[in-house]
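See structure below.
The values are calculated or read from the model by the stated rules, or taken from the named source; none is laboratory data. What you see is a predicted model, and the numbers here were worked out from it, not measured in a lab. Note: ideal-geometry Cβ built from the backbone for every residue, glycine included; neighbour counts use all protein chains shown.
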């Protein structure tokens, strides 16, 4: 019995309760929340050190019966990739709480409590090894978000929240129905014990929920408003972390439990992902404001990650996991930078910004560094992720990789536009002489994020080597990926170089 | 020699990081010294590696060391692998050698700029990236270096970031290079699909086995795309002239001596792939020949001194492509080296002129500077003679070696030889047009008014000394290899890239005679028109317009790619995003509100009713799922 996973999930929840229940003075609620978030990062580092990446199967596994007659249990644990996503979550949430503390939020106890609760819920999504538990955490993750956008957002927050609620509720209900039917038909809700399913409808139920939440083109109607209207740190969490919970769902549930339908719908999903990549990039290129660029670039990046997930081979998967972490850090840093710029200029409109590089070296360096990493300059960890994803999806058909490569060029176009609009040319009308450089507190929030990205750039294999049990695909199978068709060699799959190709896999319903 | 290779990389990287982190805690001058010292250390390290490699047998001069696995996926692994062999050492020597001179020159040139520290941090970062490119021991690391030099180029072109034209030029350079990066990446994907590896050796073996197949041709094409973008060859050449927005030493180091010649390095490094795809290799040579004439023609009508030199760079790289494409690898590398010297010299001497004229770059406002700046005039003249290929200056030896090789490469080579000769004539003409306009004749009114002479202050000393060293280099660099007499460089590079053509003594003589004769003819014509003023330039308006608009490439690309892209983006935003994606929900919202009014009666306020309804709904959905399954 290892309590580490449980601690990771419930430490922030306990912190949230403490923040909510006691009458803390204004500043100390935030400080306490930040302390809890940093402690959570510490626990995660401890988990990272203790994690045996060479082992097969779940680590830090803990299982207790919940509803025994339905085979529902409290079952948590981590695989390599879920540990990395947990790390992304705790780091970004700690930065977001720090940002909230620095910029000062009304009703601090409610606000910080919700942020901590959100942390626990997202970690729970990554740790849950039982479908019902997964669903509980999934909903627990969405509820604080509704409140965070609706109460602490900008002027148009109400409309943004309504859109967000309608979209995600629709997805969630489809997923709940799918969860129930899947669990009942398998006679267990356990994610490790349950077998595969060949049901296209169940697959689509899950896929809809994940696709809405990611979001995937064309289900992103809630995205521009939600990312623009929420406060910067909430937008950072939404695009950096919560979207990853959705693609994680693809990885852990859709790919693993529904190999047959995945094969059937692969081309459709690849088309949507590629369309989202190009569409998001083009809209980012013409977006009129900072947040618009980051928001649509998120749409593009999630399309890219989905391309990798559905590439159906190791390169695509490894690249997708790496890119999830990369994009989480990048978009969190970009949203918080955009927030800092909006505080100084009182606007995010590109036409009214400019010239901020002169006299503000810290801001210039960080905007430049983050922007350059975001556009995936060769050598950056984002480049490593994109390269693996595209190398993987190339094996599904060269056309996907060509579209992806076009995406690389477009990414350069919109990110350079972002950089130049903020930093270069003459100061814009909204930029006054006395707009300050980044303050030490902001540096304390942003430098660790960029530092993580630089460290990963030196050694991206830290993640790609340690996401799925090491090396060979057959060990992947032992790591709980029994359901993922292209991985079991005895299903008539053929190993072709990097990937494995399985043309016809069907499991009995 | 591997530790030396690491030092060559890490010393400038360390300086760059240090300058960035130190910020205002070190003086501007100190940042300059630090950067120069780090690049000098890099050069010393390259020399140490060179000496070490000379001590070995010529078959045993290649070292491949992996520091750690950089990227992996299953059994596909790419290491952080350094390759130290004659070719990479040769490039390291050129880059860090010319680099240390140019960074030292910058201490003088950038004196008084208020963001010098940033400049030196970028320059040092470049001198880290370029050795990474040439030392990269596999295709992926090559691409990493490739991208990082492009990044440095972007940062330095846009160094004067308050100038809109500089920012636009920087973006243009980055995006055109990103296009090249993308074609290279696609070639590598194909390679991964075929052999599951990005090691040079594995790739070359596969290419040899798959000679002539469409896959090899595609890989070679992808590589060529990268080379063409980086080296500003047709059709991806339009970014280089705009790149002259960067400070002059940047133009000298990145956009003349080193980075833009990376395409030639790529052609030589991956020669086995191109040899397995002979048509693509021919295409490379053809593009080089085309570019060298095109750029020479455009250079004839430029009025900005830096742009003339920029076009001459494109033209000279065209010669290198011609040579490398025909298989005269060592000769292409030889020209790369001499070109690094004389082109850096020309840029830096032009920098002194610009500095002395308070930033003026328009040649029409110059004139008569030879009396004011006699030593600069001498240096510029040496550089120009070397560029025009007049013996005994360095350009003569290397350019004529390429032309002679072309004579030996069949009918196609002979065709390109003729094109190269035309280029030699144009080179003499546009180069000496520039020389006579800037230094000849009477002093212009502008020059009389604005000129301030070099003195013995520290900035001028840095600039004078480095230009002096380069002047000597531009004279003697060609002597390390004299066709038909001795060829140590070709022998040194032989184990890496064996030449496909071996010109005979007669061919050498014919090439030299014709090229020098035509070069002199060009100079003579320039003298007639711009010094003696006996002849005037014919009006020929349409031709002039064609040249002044650089053959309308910019306009064409604008209409073909940029504008349609913008239209598409605007169209998607107006026709899809707002009405369909965003609007669907507004529709739902309105509908919901209307329906909400009607269903409001269902709001009994009893939680148990709500729970019941939700449960019923989910159960229905569940039933539907069970049923349709």
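With respect to being in contact (Cβ under 8 Å) with a residue 12 or more places away in the chain, over 18 Å from residue B:268 (Cα atoms), surrounded by 24 or more Cβ atoms within 10 Å (Cβ to Cβ) and more than 8 Å from chain A (Cβ to nearest Cβ), residue B:165 falls outside the description. Residue count for region A:375-415, restricted to those that are in a loop (DSSP other than H, G, I, E, B), at the interface with another protein chain (Cβ under 7 Å from one of its Cβ atoms) and closer than 25 Å to residue B:565 by Cα: 1.
Note on region A:306-363: residues that are within 19 Å of the chain's Cα centre (by Cα) and assigned to a loop (DSSP other than H, G, I, E, B) total 2. Scanning region B:37-74 for residues that are within 14 Å of another protein chain (Cβ to nearest Cβ) and either surrounded by fewer than 16 Cβ atoms within 10 Å (Cβ to Cβ) or part of a strand (DSSP E or B) (or both) returns B:66, B:67, B:68, B:69, B:70, B:71, B:72, B:73. Go through the residues of region A:445-454 one by one and say whether even a single one is surrounded by fewer than 24 Cβ atoms within 10 Å (Cβ to Cβ), under 22 Å from residue B:141 (Cβ atoms) and more than 9 Å from every other protein chain (Cβ to nearest Cβ). The answer is yes; a qualifying residue exists. Taking the criterion of being within 29 Å of the chain's Cα centre (by Cα), in a helix (DSSP H, G or I) and surrounded by fewer than 17 Cβ atoms within 10 Å (Cβ to Cβ), the residues of region B:355-378 that qualify are B:364, B:378. Here residue A:181 passes the criteria (1) within 14 Å of chain B (Cβ to nearest Cβ); (2) crowded, with 21+ Cβ neighbours inside 10 Å; (3) modelled with pLDDT of 90 or more; (4) under 28 Å from residue A:29 (Cα atoms) except the one numbered (4). One residue stands out among those in region A:459-478 that are at the interface with another protein chain (Cβ under 9 Å from one of its Cβ atoms) and in a loop (DSSP other than H, G, I, E, B): the one that is modelled with the lowest pLDDT, which is A:472. Helices (runs of 4 or more DSSP H) fully within region A:218-268 that include at least 1 residues being over 15 Å from the mean Cα position of the chain (by Cα): A:223-229, A:232-237. Of the helices (runs of 4 or more DSSP H) lying entirely inside region B:192-257, the ones with 2 or more residues being touching a helix residue (DSSP H, G or I) at 6+ places or on another chain (Cβ under 6 Å) and without any contact (Cβ under 8 Å) to a residue 24 or more places away in the chain are found at B:200-209.
Scanning region A:433-445 for residues that are in contact (Cβ under 8 Å) with a residue 24 or more places away in the chain and either closer than 23 Å to residue B:167 by Cβ or assigned to a helix (DSSP H, G or I) (or both) yields A:435, A:437, A:438, A:441, A:442, A:443, A:444, A:445.
Assess whether residue B:82 counts as being under 30 Å from residue A:314 (Cβ atoms), within 25 Å of the chain's Cα centre (by Cα), modelled with pLDDT of 90 or more and not in a helix (DSSP H, G or I). It is true that residue B:82 is under 30 Å from residue A:314 (Cβ atoms), within 25 Å of the chain's Cα centre (by Cα), modelled with pLDDT of 90 or more and not in a helix (DSSP H, G or I). Among the residues making up region B:439-459, those that are closer than 25 Å to residue B:98 by Cα and in contact with a helix residue (DSSP H, G or I) (Cβ under 6 Å, 6 or more places away or on another chain) are B:454, B:459. A Cβ distance below 9 Å, combined with a sequence gap of six or more or placement on separate chains, defines the contacts here; from region A:275-303, residues that are without any contact (Cβ under 8 Å) to a residue 24 or more places away in the chain and away from chain B (no Cβ under 11 Å) reach no residue that is assigned to a helix (DSSP H, G or I) and surrounded by fewer than 24 Cβ atoms within 10 Å (Cβ to Cβ).
Scanning region B:196-214 for residues that are buried (at least 19 other Cβ atoms within 10 Å of the Cβ) and either farther than 16 Å from residue A:387 by Cβ or more than 11 Å from chain A (Cβ to nearest Cβ) (or both) returns B:199, B:200, B:203, B:206, B:207. Within region A:197-210, none of the residues are part of a loop (DSSP other than H, G, I, E, B), touching a strand residue (DSSP E or B) at 6+ places or on another chain (Cβ under 9 Å) and modelled with pLDDT under 90. If I filter region B:275-283 for residues that are outside any helix (DSSP H, G or I) and closer than 30 Å to residue B:141 by Cβ, do I get at least one hit? Yes, there is a match, as at least one residue in region B:275-283 is outside any helix (DSSP H, G or I) and closer than 30 Å to residue B:141 by Cβ. Among residues of region B:105-158 being free of Cβ contacts under 8 Å to residues at least 60 places away in the same chain and within 18 Å of residue B:5 (Cβ to Cβ), the one that is farthest from the other protein chains (Cβ to nearest Cβ) is B:136. Residue-level check: of (1) at pLDDT 90 or above; (2) closer than 16 Å to residue A:388 by Cα; (3) touching a strand residue (DSSP E or B) at 6+ places or on another chain (Cβ under 9 Å), residue A:320 misses just (3). Just to be sure before I move on: is residue A:41 without any contact (Cβ under 8 Å) to a residue 60 or more places away in the chain and either surrounded by fewer than 18 Cβ atoms within 10 Å (Cβ to Cβ) or touching a helix residue (DSSP H, G or I) at 6+ places or on another chain (Cβ under 9 Å) (or both) in the structure I sent? Judged against the criteria, residue A:41 is a match. Annotation: residue A:428 fulfils all but one of (1) surrounded by 18 or more Cβ atoms within 10 Å (Cβ to Cβ); (2) at the interface with chain B (Cβ under 8 Å from one of its Cβ atoms); (3) more than 30 Å from residue A:55 (Cα to Cα); the unmet one is (2).
Take the conditions assigned to a helix (DSSP H, G or I), at pLDDT below 95, buried (at least 24 other Cβ atoms within 10 Å of the Cβ) and under 20 Å from the mean Cα position of the chain (by Cα) and apply them to residue A:276. Does it pass?
In short, yes.
Only one of A:96, A:121 is crowded, with 21+ Cβ neighbours inside 10 Å, more than 30 Å from residue A:257 (Cβ to Cβ) and modelled with pLDDT of 95 or more; which?
Answer to the selection: A:96.
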